[in-house]
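To keep things clear, I will list the structure first and then write my remarks on it.
The values are calculated or read from the model by the stated rules, or taken from the named source; none is laboratory data. What you see is a predicted model, and the numbers here were worked out from it, not measured in a lab. All Cβ positions, glycine included, derive from the backbone under ideal geometry; neighbour counts span all protein chains shown. These area figures cover heavy atoms from the full protein model, side chains too; ligands, DNA and RNA do not enter into them. Shrake-Rupley method; radii C 1.70, N 1.55, O 1.52, S 1.80 Å.
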Amino acid sequence: MSFDPAVFWGALTSEGMRAGAIIAISLTVLAQLTAVFIGLGLAMMRGSGIGLLRGASWTYVWIFRAIPTLVQLLFVWNALPQLFPALREEWFSAFVAAWIALSMNEGAYMAEIVRGGLLSVDEGQQLAARALGMTPWSVFRTVILPQVVRVIIPPTANEFITMLKITSLASAISLRELLTFTQQQISITFRFAEFYAAAAIYYLVIVSVFMVLQALLERRFRWTSQRGGERSIASVMRAIGAR
Amino acid sequence: MTEHRPLLDPALLGSREGSAESPGATGPVLAAVELRKLYGRHEVLRGVSLEVERGDVKVVLGPSGSGKSTMLRCLALLEAIDGGEVRLEGRTIGVRQVGGRSIRLAERELAHQRSEIGMVFQRFNLFPHLTALRNVMLGLTEVRKRSQDGARQIAADMLARVGLGTRVDFYPSELSGGQQQRVAIARALVLNPKVMLFDEPTSALDPELVGEVLEVMEELAREGMTMVVVTHEIGFAKHVADRVVMMDEGEIIEEGSPEEFFANPRHERSRRFLEAVH
């Protein structure tokens, strides 16, 4: 059996694959975004003066980094509804379960990234802002956070790409994302090469779009006045190449 | 600059809200009373008392590690003190009295009092993600609650007055050290503080950039700003200071007019310090 371009093309343009890709992308964006906020909260707890908060944050990161993602996913989907009747309702879909499991897991990794970002901001920044008479929240929002964001963009983009690939684990809880659909089709047609290749193309394209978005975002945080006329494709390509 | 425009322009800075001060107000603007500060077991400030009269420029000299910077940070309410008090226009600041004991105010409350005191740092500490203009605007919008447009106008005007009218849209990384420090001065000045504290403002500068910063500070002194300046610039102390304070090992060991102090330092340690820096 050789590679059949017609089957490959059929797979590539199939409705099911497109739907799977949309689920994968939505899950990635939602879970990663949630994880950034969980990570931010954990990192701030970790840096707080209250021992209990520091301990809680440390424990969270310890647990969620140690247990395999797949185990967490299966636990949320299968075990939690057994423990909490409220989760046996219609709304607790495979998508919601995957969203919860993946964001909580990723939150542990983001906590370390954000913590590094917070530590990277020079002590003098806070000092100067406080000396102006700014309140703690104002200092954080207008002085610290923008500088943290700049530092964490590259590692967070990395996590984003990893997250996209991890969503394929959700095929284990029968979420109809890209891989689930692919394997279903393979079990019907036995055309492994064509369907895996089609899925691979989807992942490649999605990751490439992410990379362009990352480059654009990084440029917004370059803090230079020489920005005019730099919005060309070439400059984006350079930014991608530089990574 | 063709016409001379003052740095302390009431038209630019506006009258201070809710302040009972009058030009003839008496008593020191800023005072430290028996300040004590510990780092662990080490006593960095061992009962420092200082009075800064309105319009005075007080230059603080002393070897590194003598507690000069720590004193400034305590005066600016950036560090908690372990004893004594700080007074601004006769009012004790930074603490509140509870049952005869002094309790340090919460950060939110301290913030308001800090806005009355301007501080300039050795390493500028400009906000790298903001243009020069935005650096100067931030205190106006966040602390003084000015509108964006109002703040932009005041900030641009102040930057022009420190000679940076053509640099408003530059980011700190695109400015020289001297320019950065002038932005930092503008950033503090624009909040119309009652006193300006300078913590070795020229120590991180290349020698050829020191002059432009000292020039702005001299201008400020001429216009009557009350200033406390920690510096190693003996020339500045000689020509601009009203009073010179010598610190060593967490104490003020000598204070006098620059004429007295430089011609005839009373203390042995002052003499040795002056020989070392000359």
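Odds and ends about this structure:
- Some residue of the range A:172-185 being among the charged types (D, E, K, R), in a helix (DSSP H, G or I) and more than 14 Å from every other protein chain (Cβ to nearest Cβ): no
- Selection status of B:Ala237, open to solvent by less than 10 Å² (accessible area, probe 1.4 Å), of a type in the set (Gly, Ala, Ser), assigned to a helix (DSSP H, G or I) and within 13 Å of chain A (Cβ to nearest Cβ): no
- Taken over the range B:90-106, residues that are open to solvent by less than 70 Å² (accessible area, probe 1.4 Å), under 20 Å from the mean Cα position of the chain (by Cα) and free of Cβ contacts under 8 Å to residues at least 40 places away in the same chain amount to 3.
- Scoring B:Ile117 on the criteria (1) open to solvent by less than 10 Å² (accessible area, probe 1.4 Å); (2) more than 8 Å from every other protein chain (Cβ to nearest Cβ); (3) out of contact with any Leu (no Cβ under 6 Å at 6 or more places or on another chain); (4) not small (Gly, Ala, Ser) leaves a single failure, condition (2).
- The residue list A:Leu87, A:Leu40 contains one member that is without any contact (Cβ under 8 Å) to a residue 24 or more places away in the chain, among the aliphatic types (A, V, I, L, M) and either in contact with a helix residue (DSSP H, G or I) (Cβ under 7 Å, 6 or more places away or on another chain) or surrounded by 15 or more Cβ atoms within 10 Å (Cβ to Cβ) (or both), which is A:Leu87.
- Hits in the range A:143-170 - residues which are more than 21 Å from A:Leu27 (Cα to Cα) and out of contact with any helix residue (DSSP H, G or I) (no Cβ under 6 Å at 6 or more places or on another chain): A:Ile144, A:Leu145, A:Pro146, A:Gln147, A:Val149, A:Arg150
- Taking the criterion of being within 12 Å of another protein chain (Cβ to nearest Cβ) and on the phi > 0 side of the Ramachandran plot, the only residue of the range B:176-208 that qualifies is B:Asn192.
- Residues of the range B:120-156 that are open to solvent by 40 Å² or more (accessible area, probe 1.4 Å) and of a type in the set (D, E, K, R): B:Arg123, B:Arg134, B:Arg144, B:Lys145, B:Arg146, B:Asp149, B:Arg152.
- If the condition is being in contact (Cβ under 8 Å) with a residue 12 or more places away in the chain, open to solvent by 10 Å² or more (accessible area, probe 1.4 Å) and farther than 19 Å from B:Leu30 by Cα, then the range B:212-234 contributes B:Glu212, B:Leu214, B:Val216, B:Glu218, B:Glu219, B:His232, B:Glu233, B:Ile234.
- When B:Met71 is tested against the conditions (1) out of contact with any Asp or Glu (no Cβ under 8 Å at 6 or more places or on another chain); (2) in a strand (DSSP E or B); (3) within 30 Å of A:Ile144 (Cα to Cα); (4) away from every other protein chain (no Cβ under 14 Å), the lone failure is (2).
- Selection from the range A:105-161 of residues that are open to solvent by less than 40 Å² (accessible area, probe 1.4 Å), more than 9 Å from chain B (Cβ to nearest Cβ) and among the polar types (S, T, N, Q): A:Asn105, A:Thr156
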